[in-house]
Amino acid sequence: MKKILSFLFFSFSLFTSYAQRDIWIDINGVRDLTSDSIDIANQARPVPGSSRKGNNPVLFLVGNSTMRTGTLGNGSNGQWGWGFYAHEYYDENKITVENHALGGTSPRTFYNLLWKPVLEAVRKGDYVFLELGHNDNGPIDSVRARSSYYPDGKLEVREDSISIYNKVTKQQETVYTFGGYTRRFINEIRAKGAIPVLFTLTPRNEYEPDDPKRIQRKLTDFTPAIFALGKETGTPVIDLNDISATKLEQYGPWKASYHFYLDKIHSSAYGARMNAQSAAEGVLASDDPQLAFLKTCLTDKVKPKRCDQNRQQGKPMVFLCGDSTGKNEDSNPDGMWGWGSQGYTIFDPAKCVFQNQAKAGRSTRTFIDEDRWEEVYNSLQRGDVVLIQFGHNDIGAIKEGKERGVLATAKDSSAVYRMESSGIYKVIYSYGWYLKKMIRDAQEKGAYPVLLSLTPRNEWHEGNGHSRGFVYPVNEKQGKLYIERRNETYGSWCRAVARETGCEFVDVHNITADALDKLGQKKAAAYFKNDHTHTSLKGAQLNAQSVAKGLRDLNSPVAFLLRK
């Protein structure tokens, strides 16, 4: 949070200090759309056509900050444009994707300052995606000099122009209407034998005043204009605005909010991926014959991955999401086992299907980042159950090593870090935030999430003391050892998240710890394998029974699915 506040103060200071000199500074601290800014941007943007493989076509992306945030587009402020992820949806052996967008541009400024080298690289059979309009506003002769000509103050599709003195270039300039610039893009692309594709604008994180569940369509003046231009020129149109806005409406305000970062326009990595997915979905759903070849270039990523292949009609599925304490080698009788391997011993296969999606080494963050949670989310149906159990790997390093650590709190918080392995910036959220995401995603689908506290570690301390929120009982035998509890950290955070989300909470940590305390340290050793964290088959069976006990003690609706 301190880093974010520092960044906001830095940005505000830049704005206020330069505003008096009529210079606009972008998010990376460079001048917006001046020669120095473009020189810096061109170091980050690809050389037009450089990705082409043999005679394969290239998909050129033309847009603004919703496609490439800021001058560098490197996510250093936690914001990403959807052009960063667009390539993931296309087979690079059939077509390559180049993101030539630049933050702060409008149809007018992109056409005047950036379009020529892109157009020179366009060949017959290429595609050019056009998503411009967010910055097409303000006085036509302002210091930013980026607005199109608005006859009578209205966005205009018809061809019209006006001659003005440009305060930035200090030259006379002919400024066209939105329709005028769009036609020029379309006609020049077609003249090269390529195919232009128009996109409506990405939605903002704003809801209708009289309908708090509906995303505002403030940009609807652009939507009909883009469709009108598409119809007039015979250009395919993808309604990106509606596809993504519909998703945000289904998500609800909390989830919709984290698809943006710092403001209501610019997307987080979550929002950028969503918009890239929406763009690909729009191409796939289009019946325009001009997109026929492009559709064959789409990868399987455009179709959501699932993990419910074992679903049986009439039975809910019980998904376990967790780390190595849930899923390990699970094969050698004398090896390491996760308790999910024993799910069949507590859940009745006549009533449900147990699916172990846990993965060794994962934290809440990496389980989500690797799309493992996405597969579960895509598979969920009303009535399914999701068991969520993380914590052993969340305490690790955030930006070095295995890069899987999270912010240590239950509260919603985030900060931007530069990953040492890749140099890429990432927004890292809190342990509580990642849990809330999974819980609320499950609730959104009508599934029943259950939060489980992490399994205890084979670490022991002398009695008559206090350890991580657990007061060891006074015992007549001095020096008696009790297994360590982590109730002040992960236990406390899980309880807080459960309260906030209304999610059921099973305290596996203390249920298993109580059982191990009764056994004592010497006998408890047989329940672990190789180290203090991973369990033997015997330990996995104990943790599975702890889950069952916890559900029964709570009179949970999920207890109905347990074996008798």
Two pseudo-spin positions, 7 Å from Cα along C-beta at PHE293 and at PHE227, lie apart in nanometres by 2.9 nm
Here, ILE424 and LYS301, labelled 7 Å along Cα→Cβ, have an inter-label distance in nm of 0.9 nm
Of the listed links LYS399/LYS445; LYS315/LYS549; LYS351/LYS549; LYS437/LYS538, those spanning more than 25 angstrom between alpha carbons are LYS399/LYS445; LYS437/LYS538
Two pseudo-spin positions, 7 Å from Cα along C-beta at LYS518 and at GLU500, lie apart in nanometres by 3.5 nm
Per the rule of 0.36 nm per residue minus the C-alpha distance, extending GLU400 to GLU459 adds in nm 18.6 nm
Ranked output for segments 418-429, 173-184 by mean other Cβ atoms within 10 Å, highest leading, reads 173-184, 418-429
Under the Karplus relation with 6.51, -1.76 and 1.60 and θ = phi - 60°, whole-Hz ³J(HN,Hα) for the stretch 501-509, x at Gly and Pro, equal 9, x, 8, 5, 10, 10, 8, 4, 3
Among the stretch 435-457, those whose backbone N falls under 20 Å of a label point 7 Å along Cα→Cβ from ALA285 are 445
Helix 35-44 sits off the longest principal axis of the Cα atoms of the chain, rounded to the nearest 10 on a 0 to 90 degree scale, by 50 degrees
Among the stretch 91-111, those whose backbone N falls under 16 Å of a label point 7 Å along Cα→Cβ from ALA44 are 99-106
Contour minus Cα-Cα span, SER161 to ASN555, at 0.36 nm per residue, comes to 134.7 nm
Taking a probe of 1.4 Å and leaving out DNA, RNA and ligands, the chain shows per residue an accessible area in Å² of 44 Å²
Long-range amide H partners of GLU504, meaning residues 5 or more apart or on another chain whose placed amide H is closer than 5 Å, are LEU451
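For the stretch 235-327, give the percent of accessible area contributed by carbon and sulfur heavy atoms, probe 1.4 Å, rounded to a whole number.
Accessible surface attributable to carbon and sulfur in the stretch 235-327 totals 52 percent.
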Here the percent of antiparallel bridges among DSSP beta bridges lying wholly in the chain, to the nearest 5, is 45 percent
For PHE354, the residues 5 or more places away or on another chain with a placed amide H closer than 5 Å to its own amide H are VAL318
With x for Gly and Pro, the residue-by-residue ³J(HN,Hα) of the stretch 176-188, computed from phi through the Karplus equation 6.51 cos²θ - 1.76 cosθ + 1.60 at θ = phi - 60° and given in whole Hz, is 9, 6, 4, x, x, 5, 4, 4, 5, 4, 4, 5, 6
Helix 222-233: inclination vs the chain longest Cα principal axis, degrees, rounded to 10, gives 60 degrees
The size of the Cβ-based charge dipole (Lys, Arg +1; Asp, Glu -1) of the stretch 236-363 about the Cα centre, to the nearest 20 debye, is 140 debye
Once phi for every residue in the stretch 381-391 is put through the Karplus expression 6.51 cos²θ - 1.76 cosθ + 1.60 (θ = phi - 60°), the whole-Hz ³J(HN,Hα) values, with Gly and Pro written as x, are 10, 4, x, 5, 10, 10, 9, 10, 9, 9, x
Amide H neighbours of TYR448 at under 5 Å, excluding residues fewer than 5 places away on the same chain, with H built from the backbone geometry, are GLY383, ASP384, VAL385, VAL386
Contour minus Cα-Cα span, GLN312 to ASN332, at 0.36 nm per residue, comes to 4.3 nm
Site GLN172, offset 7 angstrom along Cα→Cβ, radius 13 Å on amide nitrogen, limited to the stretch 106-150, gives none
Relative to the chain, whose Cα atoms define the longest principal axis, helix 240-251 and its Cα axis are tilted in degrees, nearest 10, by 20 degrees
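The values are calculated or read from the model by the stated rules, or taken from the named source; none is laboratory data. Because the structure is predicted, anything quoted here is derived from the model rather than measured. Ideal geometry is used to build each Cβ from the backbone, glycine not excepted, and the neighbour counts take in all protein chains shown. Just so you know, the surface numbers come from the protein's heavy atoms only, side chains and all, with ligands and any DNA or RNA stripped out. Shrake-Rupley method; radii C 1.70, N 1.55, O 1.52, S 1.80 Å.
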